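Remarks on the structure that follows.
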Amino acid sequence: MKIKYFKTDAENPQFQELVKLLDAGLAVTDGEDHAFYDQFNKLDGIKYVILAKIGEEAVGCGAIKRFDDGSMEVKRMFVLTTHRGKGIAKGILRELENWALELGFKRCVLETGKRQTEAIALYFSSGYRVIPNYGQYIGMDNSVCFEKQL
């Protein structure tokens, strides 16, 4: 099983299909909070997407978008359930961080839900630290925000 990582953008149909699966899963775990979070997860403004592929099959994705002058925000991280536990998400995150550095950014920030225990474990194991909730996530009890200096 050889995983390859590809740079693309939000127009990529494979990315869009993975995001549909991601959103369906989040609708379940977010419960009644889903409509609030969903409004911040649109694909407009996303120019930097990493797809993880095995052969021609896209098995995972992640994206970054400009947050402020020095930071990119990690968005839309997802790996198919059949391919979890293989280090794919960690690889996607590493590719996104490298891309942010190439673009001149020195920090990544992100938000995830407290119920997303696998995501939280990924971010801690990848060197992220919890920060106060930012922007639209201030005051949201289900949100946990992270940052990593690159």
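One line per residue, one yes/no per condition, for (1) of a type in the set (S, T, N, Q); (2) free of Cβ contacts under 8 Å to residues at least 12 places away in the same chain; (3) farther than 19 Å from Ala10 by Cβ:
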position: Val49; (1), (2), (3): no, no, no
position: Ile54; (1), (2), (3): no, no, yes
position: Lys90; (1), (2), (3): no, no, yes
position: Glu95; (1), (2), (3): no, no, no
position: Gly113; (1), (2), (3): no, no, yes
position: Thr117; (1), (2), (3): yes, yes, yes
Please go through the range 131-150 and pick out each residue that is surrounded by 13 or more Cβ atoms within 10 Å (Cβ to Cβ) and either among the charged types (D, E, K, R) or assigned to a loop (DSSP other than H, G, I, E, B) (or both). Asn133, Tyr134, Met140, Asn142, Glu147, Lys148, Leu150
Residue check, Tyr48 against (1) modelled with pLDDT of 95 or more; (2) more than 21 Å from Lys20 (Cα to Cα); (3) hydroxyl-bearing (Ser, Thr, Tyr), all met but one. Which one? (2)
Taking the range 108-130 only, how many residues are surrounded by 13 or more Cβ atoms within 10 Å (Cβ to Cβ) and part of a strand (DSSP E or B)? 6
Count of the range 45-79 residues which are of a type in the set (A, V, I, L, M) and surrounded by fewer than 17 Cβ atoms within 10 Å (Cβ to Cβ): 1
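Do we have any residue at all in the range 85-97 that's assigned to a strand (DSSP E or B), farther than 20 Å from Gln149 by Cβ, modelled with pLDDT of 90 or more and not charged (D, E, K, R)?
So the first thing to find is which residues in the range 85-97 are assigned to a strand (DSSP E or B), and the list is none.
No.
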Output the qualifying pairs, or none if there are none: Cβ atoms under 8 angstrom, residues six or more apart or on different chains, first residue in the range 15-35 and under 28 Å from Tyr5 (Cα atoms) and at pLDDT below 65, second residue of a type outside the set (A, V, I, L, M) and part of a helix (DSSP H, G or I). Ala27/His34; Ala27/Asp38
Of all residues in the range 133-143, count the ones that are in contact (Cβ under 8 Å) with a residue 24 or more places away in the chain and touching a Ser or Thr at 6+ places or on another chain (Cβ under 6 Å). 1
Please give the number of the condition Phe6 fails out of (1) surrounded by fewer than 19 Cβ atoms within 10 Å (Cβ to Cβ); (2) at pLDDT below 95. (2)
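The values are calculated or read from the model by the stated rules, or taken from the named source; none is laboratory data. Here the structure is a predicted model, which is why all the values come from computation and not from measurement. Every residue, glycine among them, receives a Cβ derived from its backbone with ideal geometry; neighbour counts consider all protein chains shown.
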